[in-house]
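**Student:** This structure is in C-alpha cells; I'll ask about it shortly.
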Amino acid sequence: MHNEEMNLAWQFVEGTDVSVFLTGKAGTGKTTFLRKLKELAPKRMVVVAPTGVAAINAQGVTIHSFFQLSPGIHIPEGESAGSGLNSAGRNYKDSGKSRFYQMSKEKKNIFRTLDLLIIDEISMVRCDLLDAIDGVLRKYKDRNRPFGGVQLLLIGDLQQLAPVATDEEWSLLSPYYETPYFFSSHALQQIKYVTIELQHVYRQSDDYFVSLLGKIREGNVDTEVVRALDSRYMPNFNPPPGEGWIRLTTHNYMAQRYNEKQLAMLQGDLKLFTATVDGNFPETSYPAEMQLGLKVGAQVMFLKNDISSEHLFYNGKIGTVVSIYCNEVMVMCPGDEKAIKVPRLEWENTKYVIDEKTGEIREEVEGKFTQYPLRLAWAITVHKSQGLTFDHAVVDINDAFAHGQVYVALSRCRSLEGLVLPRPLQLQSLKIDHNVESYISTQLSEAQAARGKLSEMRAAYFRSLLDEQFRFAQCVQDFSYLLRVVDEHLYHQQPEYLAMLKGTRDELAKRIVVVQSKFQAQYCQLLQAGDMERLQERIKAGANYFAEQLMQIIVPVINKGKFTIGNQQTKKQFANAMDSLTQSYRVKLFTLRACADEGFSVKTYLKSKANALIEKETKKTATRQKNVGRAASRYAESAGVVPNSKGCEEEGSVLARRLGVVGAEDDAKPKEKQQWKWYRKK
C-alpha cells in the first residue's frame, strides 16, 4: 500500500473482522485505496455508494438497487422515540411502502456469503439508510448480529458532502436519531469499529495551501485564512483562453446557464452527439450527457481516464475543441503538443452475481452507456467536481447551502495561485456542523488506541474462526429440533425412525461433542505456544476425524427421512427441520474437508463456508426454467416481443417469470398467450 495509514487499513480489512471508517482530507488517496482493494479482493465483498454517479465512479452499485430498498425514509419500528435502543430483527416502516422487494435466490446467496461490505461516499449516507442495510443483512445472514456479522469498510470525509435530509424528512426521523449522519445509525453504534485517517495529501504540493484547507475543513477560520482568501478576490477576472479555467458553482442551474451562455457566444454550427444505451442503465446513473452539444472553441472536460497505453487524458482534464469533422472530435489541452482525437468510450452498469464455476461473487455487466467522454466545462457544480483536481478554477460559492460544500470546492484546486474568487467569500458560507466536529474528535482519539491492538485483533479473529470451524452446536441444535418434531408428531407413523434418531443423539454426544471439547483444549494449547506447524498437523487430523464422524452419523438420518407425511402442517415442520439440519451439516462438511486438505487459514475457511452456503438450483428446476424460457422466447417472437437474440431461453425465462407464465410445455397455452398480448400492449 502507498503509505502507513493505507497499510494499516489494509491489515484491519484483510486480517480482522473489525469494521473500518477510512477518512481523510480531499486528495489523500481514498479512491486509490478502494481500487487497490478491489484489485486484491481479500474477502468476498461488494462495493456500494449512495448515488448512481458515485457508484459508477467507485465501480460498484447503488445502495438502493443492491439492497432492493424502496426510496424515502426508513423509520425503525419497535423503538421508543429518542431512546436510541434497537433490537435484532426489528422492522422498518417507510412511508407506507413495502420494506423489501422480492429477493432472488442469487441475491440471497450473495447476502449469505458476504464477508465485507464497502460503502463509498459514506458522508452522504443517512443514518436511517444504514439501519435499513442492517435490517436486510440481518434478515438473510445472521439476525442476531449488527449488519448480519458482515465487516464494513466505510470510505469518505464527513467534512465534505453531507446527507440530504429535508425539514419534512428530519421531522419524522428526529424522534429516533440524534443527527442525520451515518454515525447516528443504531446498528453502527452496536459494533466496534476503528477510524483511520489518511494524512498525506497527494493533490496539493503547496504546504501553505494544504494548511489553509485544513483549517477550513476543521472550521478554524482565523485571520490568516481570511487574508489568504481575500487575496484571491478578483471581481473583474476574465479567464485567459486556452489555460483551462473552470468555474465551480453551488447549483446545477448556475453551471448550466453559464455553459449555455458561453456556448452560444461561439461562432459555427452546433454538433449533437447522441449516446447509445444497451441493456439496463438507469437514467439517473448516466455518467455523461445523453445529448452532447459541441462547437469548435468549446471548453470541455474529460470524464474518463484513457486506458490505452498512451494515457492521453484523465478524468477532470480540461481542454478546448479545435475541430469537429463528421464524428471526429479533436481536443487540445494546455501543455500538450498536439490535439487528442477523442474516442467514444463505454461505461458499464454492473450487478453482483455468484459465479457458477468458482462460487465467487463477481461483477456482471447488465448495461452499457457509450458516449464521447466529454462535458462542457466552462462551469461545473461542486457536487460533480467530487474527486477531481483543477489547475485553474474560478470558485463562486457564496450560495453554499450544505455543510462542507465550500471546503470541497476549494480543495479541488491544486494551488492557491490557481484559485480565483469572483465574489468575496462570506464567512457564513463556511457551514460547519459541530456534531461532525465532536464525532471526528472522539473517533480519532479512539483510533490511536486501536492501532496498538492490531496484532491482538488479528489473533482474536483467527481464533474466533478456528473455534467456529470446530464448533458443532448448530448441527446438534438442528438435529435436536428434528428429533423433537418426530417425537411429538410422528412417533406412531415412524417408530423405527424415531428410535434411530434417539440412538443418533447419543452418538452425536459421544463422538462429536465430547471429543470436540477435548480437541479444542489441544489446539488452544498449541496456538498459545505459537507452534503453528504442529497446530496445522493437529487441525488437519481433527478435520478428517470430524468430517468422517459427521458423515457416518448424519447421512443415514437424512437418507432415511424420505417418507410420506399426510398432515400438511407436520409435513412442513419436518421439511423445515430436515432442511436446517442438511444445511448446517453441509456447511460443516465443506469447511472440514477444505481444512483437512489445506490446513486452516482465514481465506480457506471463508471461501469453503461461502461455497457451502450457496443454494444451488436443482437439475429439475433448471430444466423446467429452460423449457419455460424456450416456449416463452418462441412466443415472444411471434407476438412481437423479441428478445435480444433469437431463441434466447434466458431472457424468455425472465419475461415468463415476470408475467407469471409457469408452464414448461413446448408451446404456449391460451392463458399464456393472453399474458404475452398484455405485455405487448404495455
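**Student:** For segment 252-359, what is Rg from Cα atoms divided by 2.2 N^0.38 Å, rounded to two decimals? Could you put the intermediate results ahead of the total?
**Tutor:** Working: Rg = 16.8 Å, N = 108, 2.2 N^0.38 = 13.0 Å.
Segment 252-359 yields a ratio of 1.29.
**Student:** Roughly how many Å² of Trp170 are accessible to a 1.4 Å probe, to the nearest 10?
**Tutor:** It works out to around 70 Å².
**Student:** So how much slack lies between Thr564 and Asp467, counting 0.36 nm per residue of separation and subtracting their Cα-Cα distance, in nm?
**Tutor:** On the way: separation 97, 0.36 × 97 = 34.92 nm, distance 3.85 nm.
Extending this stretch completely gives an extra 31.1 nm.
**Student:** Also, I was wondering about something else. Modelling each spin label as a point 7 Å along the Cα-to-Cβ direction, I'd like the Asp269/Lys603 distance in nm, to one decimal.
**Tutor:** Calculated label separation equals 5.9 nm.
**Student:** Just to verify a number: what accessible area does Lys271 come out at with the full protein assembly present, 1.4 Å probe, Å² rounded to tens?
**Tutor:** In the full protein context, Lys271 sits at about 70 Å².
**Student:** Moving on to the next point. On a full-extension model of 0.36 nm per residue, what is the gain between Thr582 and Gln477, subtracting their alpha-carbon distance, rounded to one decimal in nm? Working shown, then result.
**Tutor:** On the way: separation 105, 0.36 × 105 = 37.80 nm, distance 1.21 nm.
Contour length minus the Cα-Cα distance gives 36.6 nm.
**Student:** Rounded to the nearest 0.05, what FRET efficiency do Val514 and Glu14 have when you use their Cβ-Cβ distance and R0 = 30 Å?
**Tutor:** Numbers: r = 36 Å, r/R0 = 1.20.
Efficiency, from the Cβ-Cβ distance: 0.25.
**Student:** Then there's this: Taking only the alpha-carbon positions of segment 550-604 and ignoring solvent, what does the Debye formula give for the base-10 log of I(q)/I(0) at q = 0.16 Å⁻¹?
**Tutor:** -0.60
**Student:** When the solvent-accessible surface of protein heavy atoms is calculated with a 1.4 angstrom probe, in what order do Lys295, Lys384 fall, highest first? Present the calculation step by step, with values, prior to reporting the outcome.
**Tutor:** Details: Lys295 25, Lys384 90 Å².
Solvent-accessible surface, decreasing: Lys384, Lys295.
**Student:** Per residue of segment 337-345, what does 6.51 cos²θ - 1.76 cosθ + 1.60 with θ = phi - 60° give for ³J(HN,Hα)? Whole Hz please, x for Gly and Pro, Karplus curve as stated.
**Tutor:** For segment 337-345, the Karplus-derived couplings read 8, 9, 6, 9, 7, 7, x, 6, 10 Hz, x marking Gly and Pro.
**Student:** Here's a follow-up. Compute from the Cα atoms of segment 462-551 the Rg and the Dmax, the latter being the longest Cα-Cα distance, and quote both in angstrom.
**Tutor:** Considering segment 462-551 through its Cα atoms, Rg and Dmax are 16.5, 55 Å.
**Student:** Please compute one quarter of the surface area of the Cα convex hull for segment 178-329 and express it in square nanometres. Walk me through the intermediate numbers first.
**Tutor:** On the way: hull surface 63.1 nm².
Averaged projected area of segment 178-329's Cα convex hull equals 15.8 nm².
**Student:** Where Rh is the Kirkwood radius over the Cα pairs of segment 107-195, the temperature 25 °C and the viscosity 0.890 mPa s, what D in µm²/s does Stokes-Einstein return? Before the final figure, lay out each step's value.
**Tutor:** Values: Rh = 13.6 Å.
Reported coefficient: 180 µm²/s.
**Student:** Something else: Would you rank Cys475, Cys326 by solvent-accessible area, highest first, keeping every protein chain in place and using a 1.4 Å probe? The partial results should precede the final answer.
**Tutor:** Values: Cys475 5, Cys326 90 Å².
Largest to smallest exposure gives the sequence Cys326, Cys475.
**Student:** With every protein chain left in place and a probe of 1.4 Å, what is the accessible surface of Asp278, to the nearest 10 Å²?
**Tutor:** That residue has around 90 Å² of solvent-accessible surface.
**Student:** On average, how much area does the Cα convex hull of segment 290-412 cover when viewed from any direction, in nm²? Provide the component values of the computation, followed by the final result.
**Tutor:** Working: hull surface 44.2 nm².
Averaged projected area of segment 290-412's Cα convex hull equals 11.1 nm².
**Student:** When ranked by the protection proxy of mean other Cβ atoms within 10 Å per residue, highest first, what sequence do the peptides 113-123, 306-316, 54-64 form?
**Tutor:** Values: 113-123: 23.1, 306-316: 13.6, 54-64: 20.9.
Output ranking for 113-123, 306-316, 54-64: 113-123, 54-64, 306-316.
**Student:** Would you work out what percent of the accessible area of segment 125-264, with all protein chains in place, is carbon or sulfur (probe 1.4 Å)? Could the numbers behind the result be given before it?
**Tutor:** Working: 2990 of 6350 Å².
Its accessible area is 47 percent carbon and sulfur atoms.
**Student:** So what J values fall out for segment 536-550 if you push phi through Karplus, 6.51 cos²θ - 1.76 cosθ + 1.60 with θ = phi - 60°, rounded to Hz, Gly and Pro as x?
**Tutor:** 5, 4, 5, 5, 4, 5, x, 4, 4, 4, 5, 5, 5, 5, 4
**Student:** Going from most exposed to least, what order do Arg257, Arg362, Arg138, Arg247 have by accessible area with a 1.4 Å probe? Display every interim value, and only then the final one.
**Tutor:** On the way: Arg257 145, Arg362 90, Arg138 10, Arg247 50 Å².
My answer, sorted largest first, is Arg257, Arg362, Arg247, Arg138.
**Student:** Tally Lys and Arg at +1 and Asp and Glu at -1 over the other residues with C-beta under 14 Å from the C-beta of Glu328: what net charge comes out?
**Tutor:** On the way: positive: Lys271, Lys341, Arg344; negative: none.
Taking every other residue near Glu328 into account, the sum is +3.
**Student:** If you average the alpha carbon positions of segment 509-536 and of segment 456-474, how far apart do those two centres end up, in angstrom?
**Tutor:** If you average the Cα positions of each part, the centres end up 12 Å apart.
**Student:** Further, regarding this structure: Suppose each label sits 7 Å from its Cα in the direction of the beta carbon; what would the Asp230-Ser104 distance come out to in nanometres?
**Tutor:** Label at Asp230, label at Ser104, 6.1 nm between them.
The values are calculated or read from the model by the stated rules, or taken from the named source; none is laboratory data. For clarity, every value in this text was computed on a predicted model and none was experimentally measured. Note: ideal-geometry Cβ built from the backbone for every residue, glycine included; neighbour counts use all protein chains shown. Ligands, DNA and RNA are stripped out before the accessible areas are found, and what is left, the full protein with its side chains, is counted by its heavy atoms. Shrake-Rupley method; radii C 1.70, N 1.55, O 1.52, S 1.80 Å.
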